[in-house]
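Data first, discussion second: the structure below is written as structure tokens.
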Amino acid sequence: MNPYELRKDFPILNDETLCYLDTAASSLKPRQVIERLDEYYEKYGVNVHRGVYNLSYVATEMYEEARRKVSDFIHAKFDEIIFTRGASSALNLVASSYGLNHLTSEDEIIVSELEHHSQVLPWQNVSHITKAKLVYIPLDSEGRITVENVKKVLSNKTKVVAINYISNVMGYITPIKEIISLAHEVGAVVVIDAAQAAPHKTIDVVDLDCDFLAFSGHKMCGPTGIGVLFGKKKLLDNMPPIEFGGDMNDNVNLYDASWKDVPYKFETGTPPISEAIGLGAAIDYLLSIGLDEIGKHEFKLKEYTVKKLKEIEDIIIYNESAETGIISFNIEGVHPHDAVSYFDGDNICMRAGHHCAQLIIKWLNVVATLRVSFYLYNTIEDCDRFIESVRNARDFFKSVGF
Amino acid sequence: MNNLETLYRQVIMDHYKNPRNKGLVTNSLYKTIHIKNPSCGDDITIQTKVENGLIKDIRHDGTGCSICCSSASVMSETLKGKTITDAKKISSTYINMLTNQEYDTSVELEDAIVYQGVSKFPARIKCASIAWKAFEGTLEESE
Ligand SMILES: Cc1ncc(COP(=O)(O)O)c(C=O)c1O
């Protein structure tokens, strides 16, 4: 794969001074996706599942075609794919529907400090309401979830294991396949937050045997406002809807109603139609490049950058051994918000803060971190610009007394 | 390239390194307001003691970036000893200055004027205003 060629697909990168290193928050969008969105609005921008006229038929076909693309993308079945507003709503759906209806005070939910708030908070809520106990996997010395440590907390009481595939702060890949198999041995279901995995590596839900898996479109070249929940059919069939309204129902009576089959019972109201179609286009785009190629490229950029950063004084890197394209670091003595304004001045977009993952920031015992994350459109030149800016920032802050 | 230099070289570093009026007191004559900016982690508590319409004392504590912490210190120095009316006027003038709105240039902002540069960094305006907002909160409480 050639990032210099791929960059031409991203209109925003026409600004050659822009150095975008915040893909973990949201990726840039290629022309191929933007055009597919325009096409919907210009040629068949009507509602789905409702109209009995031709245009609505076309819109419905395109929307459902996107579902097929998503299901192929992760090797799931067509009706195991629920469209949501994003990874956050997908994870909330599992917690509110499966969690609130299956757990009791006798049960335990396993999570970790390495989770994004949208994976840990829905389960905190389930724990508060059902009195099921929230149990944290002890992280190893690098801050990783290990199979060994999962074994320490897994028991016959465990009903749910809710963990990430790739951490948005540390960029570690969780050994989920082994964990899923262990969890199944004690009868627990496993919910995987794949928001940082889907854009960067091939996912096969059959091979993983995971029960639920969630991700967002906007981090993988797709539009905002669209996410995916995969769930095993037999689990989804036995879960109640959490939102009620148009489109999700079958027969409606005065005092009760019945629901459509999965996935439609979980998709009430007019869905994010253009967004789903755009996500389909994003999947086409990523597959045409090859996810594993993308992953390798990001990792190479990360390794290069880490090596150079280590030559600069006062730089603390928190996740040197990450297998992906994410670097979390700080300039010693400089608050990340002070630092990030310096990078902003150089037109380098990157993140400072707790990255919606306060638990791992507390675990690291820092107030916040700086984070860069690479993607298919980043180049060695981006890395060099960033490294140069870090060196200048460090010198600047030291010179004014930090 | 970087406008940061002028910003940091001035009062900001001095107050960041040597904050004035820092540390909270346990005294019921002080009104306390705590503001947290969850998206960036800035966390500031301001205590104000008002007597006969005068700001007798301001204390602050918290964590955050240099802009955030130094502005709490500068705010405390600027407003201590002022009447409530003047303090409110200075505070609203300061906030208007930060947010690029029209402001009354005849109001004496003292050292707080250096934060004018922050208006060039929209993403940092919150950092520079959080302590002042908390101060305004302590006055509302006391009414
Ligand atoms: C690991 C992880 N999980 C979940 C989310 C939530 O995704 P969204 O904000 O698109 O719902 C994110 C992104 O912020 C993430 O990085």
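The values are calculated or read from the model by the stated rules, or taken from the named source; none is laboratory data. Being a predicted model, the structure only gives us computed values, none of them experimental. Because the Cβ atoms are built from the backbone with ideal geometry, glycine has one as well, and the counts that use them run over all protein chains shown.
Kindly evaluate A:SER97 against the criterion of being touching a residue at least 24 places away in the same chain (Cβ under 8 Å), among the hydroxyl-bearing types (Ser, Thr, Tyr) and more than 24 Å from A:PHE266 (Cβ to Cβ). No; evaluated as a whole, the condition is false for this residue. A search for C-beta distances below 6 Å between a residue of region B:63-74 that is more than 13 Å from chain A (Cβ to nearest Cβ) and any residue that is among the β-branched types (Val, Ile, Thr), counting only pairs 6+ apart in sequence or on different chains, returns B:ALA72/B:ILE44. Name the residue that is modelled with the lowest pLDDT, counting only residues in region B:9-55 that are of a type in the set (A, V, I, L, M, F, W, C), assigned to a loop (DSSP other than H, G, I, E, B) and within 19 Å of B:ILE130 (Cβ to Cβ). Only one residue fits best here, namely B:CYS40. Only one of the numbered conditions (1) at pLDDT below 90; (2) more than 13 Å from chain A (Cβ to nearest Cβ) is violated by B:VAL118, and that is (2). Within region A:377-402, being assigned to a helix (DSSP H, G or I) and away from chain B (no Cβ under 14 Å) holds for A:ILE380, A:GLU381, A:ASP382, A:CYS383, A:ASP384, A:PHE386, A:ILE387. Across region A:164-210, what is the total count of residues that are of a type in the set (D, E, K, R) and not in a loop (DSSP other than H, G, I, E, B)? Selection size over region A:164-210: 5. Evaluated against (1) among the β-branched types (Val, Ile, Thr); (2) more than 13 Å from the ligand (Cβ to nearest atom); (3) touching a strand residue (DSSP E or B) at 6+ places or on another chain (Cβ under 9 Å), A:ILE129 falls short on exactly one condition, (3).
Let's see how each residue does on (1) farther than 21 Å from A:TYR172 by Cβ; (2) assigned by TED's automatic domain parsing to the domain that holds A:ILE203; (3) more than 19 Å from the chain's Cα centre (by Cα); (4) buried (at least 22 other Cβ atoms within 10 Å of the Cβ):
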{"site": "A:VAL306", "(1), (2), (3), (4)": "no, no, yes, no"}
{"site": "A:ILE315", "(1), (2), (3), (4)": "no, no, yes, no"}
{"site": "A:SER321", "(1), (2), (3), (4)": "no, no, yes, no"}
{"site": "A:HIS335", "(1), (2), (3), (4)": "yes, no, yes, yes"}
{"site": "A:ALA339", "(1), (2), (3), (4)": "yes, no, yes, yes"}
{"site": "A:GLY345", "(1), (2), (3), (4)": "yes, no, yes, no"}
{"site": "A:GLN358", "(1), (2), (3), (4)": "no, no, no, no"}
{"site": "A:ALA368", "(1), (2), (3), (4)": "no, no, yes, yes"}
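Going by the structure shown, is B:GLY41 on the phi > 0 side of the Ramachandran plot and either within 7 Å of chain A (Cβ to nearest Cβ) or aromatic (Phe, Trp, Tyr) (or both)? Answer is yes for this residue.
Taking region A:83-112 as the region of interest, how many residues are within 16 Å of the ligand (Cβ to nearest atom), in contact with a Gly (Cβ under 8 Å, 6 or more places away or on another chain) and not in a helix (DSSP H, G or I)? Total satisfying the criteria: 4.
For (1) more than 16 Å from the ligand (Cβ to nearest atom); (2) of a type outside the set (A, V, I, L, M, F, W, C), each residue gets a yes or a no:
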| site | (1), (2) |
| --- | --- |
| A:LYS151 | yes, yes |
| A:LYS157 | yes, yes |
| A:LYS177 | yes, yes |
| A:VAL191 | no, no |
| A:LYS201 | no, yes |
| A:CYS210 | no, no |
| A:GLY217 | no, yes |
| A:PRO223 | no, yes |
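Filtered by the rule that a residue be surrounded by 15 or more Cβ atoms within 10 Å (Cβ to Cβ), farther than 19 Å from B:VAL118 by Cα and of a type in the set (Ser, Thr, Tyr), region B:1-48 gives B:TYR30, B:THR32, B:THR45, B:THR48. Of the numbered criteria (1) among the hydrophobic types (A, V, I, L, M, F, W, C); (2) in contact with an Asp or Glu (Cβ under 9 Å, 6 or more places away or on another chain); (3) within 16 Å of the ligand (Cβ to nearest atom), the one A:VAL70 fails is (2). Keeping to region A:48-82, report how many residues are touching a residue at least 60 places away in the same chain (Cβ under 8 Å), assigned to a loop (DSSP other than H, G, I, E, B) and more than 25 Å from the chain's Cα centre (by Cα). Residues flagged as touching a residue at least 60 places away in the same chain (Cβ under 8 Å), assigned to a loop (DSSP other than H, G, I, E, B) and more than 25 Å from the chain's Cα centre (by Cα) within region A:48-82 amount to 3.
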